[in-house]
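Chemist: Got a structure here, written out as structure tokens. Questions coming.
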Amino acid sequence: MSVFPITFSIPEEKIVDVIPIKTKYQSSLIPGQIDTYIYQNEKDYYDQYKDSMFAITTKKAGWDCMRHYEILANGCIPYFPDIENCPSNTMALLPKELLIKANSLYKNNPILTSDSEEYISLSNQLLDYTKNHLTTEKMAKYILTKTNHASVSTILYLSRDTGPDYLRCVTLHGFKKIFGKDCHDYPMIPHLYQIKNMNYGSLYGKGITYTNLLDTDLHSNEFDKTIESDIKNKKYDIIIYGSYHRGMPYYDLVMSCYDPKNVILLCGEDIHNCDYIHWANRGHCVFVREL
């Protein structure tokens, strides 16, 4: 059965080059404490992580959370209580052993400073891991490698619901960065693109991290017009459904034209009731966030 773990990821351009200078021990943003959610834009939100040695992050409805990646990308060390209890195949692509070390460092060194050898070493290991394994492009390449599609040149990335969906959005960003127009998103996911007069801040999570990323030239309106004939003519090497939970347009048509192994399904939901087994048994490769 072809079921693989997957996680959120973060655009490479959001990751700091080096560990920033620290001005405080811990971020004032505490998960679950709404009165600490005071940041209204991405810059201020990111800056408070850059200034902090540590930031608390926790399991939400699912273990995987975009906050983990935002903390890491800004050169801050996550303090993640109970990460030891995370199932082995959930958040499998994160550096859990390093995060467990981070917990120990946070709890056992009350006089720790940002210039200490332990802190410098661990913060740089985590930043290097983020750059090398957790970017959106690395996640796209991971999918292609796991499904034996590393040599493909054209991809159709299908969605039904175009609203915010972290896994669908950040993973699509990775494919668009690698393939450009040769990865066609249908329908267009508007908030991923740099569109004038779009109120990104009104979107889930104030649009932080996952919006306003791509030049509109990376989407072909002409390909939109020929979507059905292009599927019938097998224009694309593979087809990816960004969220099989949120809709699978043209699925019957796709299955009449494509080998199931060339149709990849993503599940970014917190709860899925093991329905991925059904799709894997149909011959698809399925990537599940909360496996």
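Chemist: Please list, or write none, the lysines whose alpha carbon is within less than 26 Å of the alpha carbon of LYS101, excluding same-chain residues fewer than 8 places away.
Modeler: Counting by Cα, and skipping residues close in sequence, LYS101 has these lysines nearby: LYS14, LYS22, LYS24, LYS50, LYS59, LYS60, LYS131, LYS138.
Chemist: List every residue whose amide H lies under 5 Å from the amide H of TYR25, counting only residues 5 or more places away in sequence or on a different chain, with H placed 1.01 Å from N in the peptide plane.
Modeler: Here the answer is MET53, since their amide H atoms fall under 5 Å of that of TYR25.
Chemist: How many percent of Cα pairs in the range 137-288 exceed 19 Å? Intermediate values should be presented prior to the final figure.
Modeler: Values: 5879 of 11476 pairs.
The calculated P(r) of the range 137-288 puts 51 percent of pairs beyond 19 Å.
Chemist: Quick one: helix 117-133 against the long Cα principal axis of the chain, what's the angle to the nearest 10°, folded into 0 to 90?
Modeler: Relative to the chain, helix 117-133 is tipped by roughly 10 degrees.
Chemist: Ok, one more. Please list, in order along the range 220-237, the HN-Hα scalar couplings obtained from phi with the Karplus expression 6.51 cos²θ - 1.76 cosθ + 1.60 (θ = phi - 60°), rounded to whole Hz, x for Gly and Pro.
Modeler: Listing the rounded values in order: 9, 5, 5, 5, 4, 6, 10, 4, 5, 5, 5, 5, 4, 8, 6, 4, 9, 5 Hz.
Chemist: Sticking with this structure for a sec: So how tilted is helix 166-179 from the main axis of the chain? Cα-based, degrees 0 to 90, rounded to 10.
Modeler: 70
Chemist: Among ASP47, ASP128, which comes first, second and so on when ranked by fewest other beta-carbon atoms within 10 Å?
Modeler: Ordered from fewest to most neighbouring Cβ atoms within 10 Å, ASP47, ASP128 come out as ASP128, ASP47.
Chemist: What is the dipole size for the chain, taken about its Cα centre, with +1 at each Lys and Arg Cβ and -1 at each Asp and Glu Cβ, in debye to the nearest 20? If you can, show how the numbers build up before the last one.
Modeler: Numbers: 30 positive and 35 negative charges, 59 e Å.
Dipole size: approximately 280 debye.
Chemist: LYS225: which lysines have alpha carbons under 30 Å from its alpha carbon, excluding same-chain residues fewer than 8 sequence positions away?
Modeler: Straight-line reach from LYS225, under 30 Å: LYS141, LYS176, LYS177, LYS181, LYS196, LYS234, LYS235, LYS261.
Chemist: Using amide H atoms built in the peptide plane, which far-off residues or other-chain residues are under 5 Å from TYR157 H to H?
Modeler: HIS184, ASP185, TYR186, ILE240
Chemist: Decide, for the chain, between rounded, prolate and oblate: order the square roots of the alpha carbon gyration tensor eigenvalues as a ≥ b ≥ c, take rounded if a/c falls under 1.5, and otherwise choose prolate if a/b is larger than b/c, else oblate. Intermediate results must be reported in sequence, preceding the final value.
Modeler: Numbers: a/c = 2.20, a/b = 1.71, b/c = 1.29.
Prolate, since a/c reaches 1.5 and a/b exceeds b/c.
Chemist: Please compute one quarter of the surface area of the Cα convex hull for the range 1-63 and express it in square nanometres.
Modeler: Details: hull surface 25.5 nm².
With the hull built on Cα positions only, its mean projection is 6.4 nm².
Chemist: Taking the C-alpha atoms of the range 9-134, how large are the radius of gyration and the largest Cα-Cα span, Dmax, in Å?
Modeler: Rg then Dmax for the range 9-134, in Å: 13.5, 36.
Chemist: A further question on this structure: When the helices in the chain are scored as -39500 (n - 2.57) per DSSP H run of 4 or longer and the sum is shared across all residues, what 222 nm value do you end up with, to the nearest 500 deg cm²/dmol? All intermediate terms of the calculation are to be shown ahead of the outcome.
Modeler: On the way: 10 runs with 96 residues, N = 291.
Calculated from helices alone, the mean residue ellipticity at 222 nm is -9500 deg cm²/dmol.
Chemist: Which ³J(HN,Hα) values, rounded to whole Hz and listed in residue order, are derived for the range 70-86 from phi using the Karplus coefficients 6.51, -1.76 and 1.60 in 6.51 cos²θ - 1.76 cosθ + 1.60 with θ = phi - 60°, glycine and proline given as x?
Modeler: Per-residue couplings from phi come out as 5, 5, 4, 5, 9, x, 10, 8, x, 9, 10, x, 6, 4, 4, 8, 5 Hz.
Chemist: Right, another one. Tell me which residues come under 5 Å, amide H to amide H, from THR58 once H is placed; ignore anything under 5 positions away on its chain.
Modeler: It is none; the list stays empty.
The numbers here are math on the coordinates, done by the rules we state, and not lab data. Since the structure is predicted, the reported quantities are computational estimates derived from the model, not experimental observations. Because the Cβ atoms are built from the backbone with ideal geometry, glycine has one as well, and the counts that use them run over all protein chains shown.
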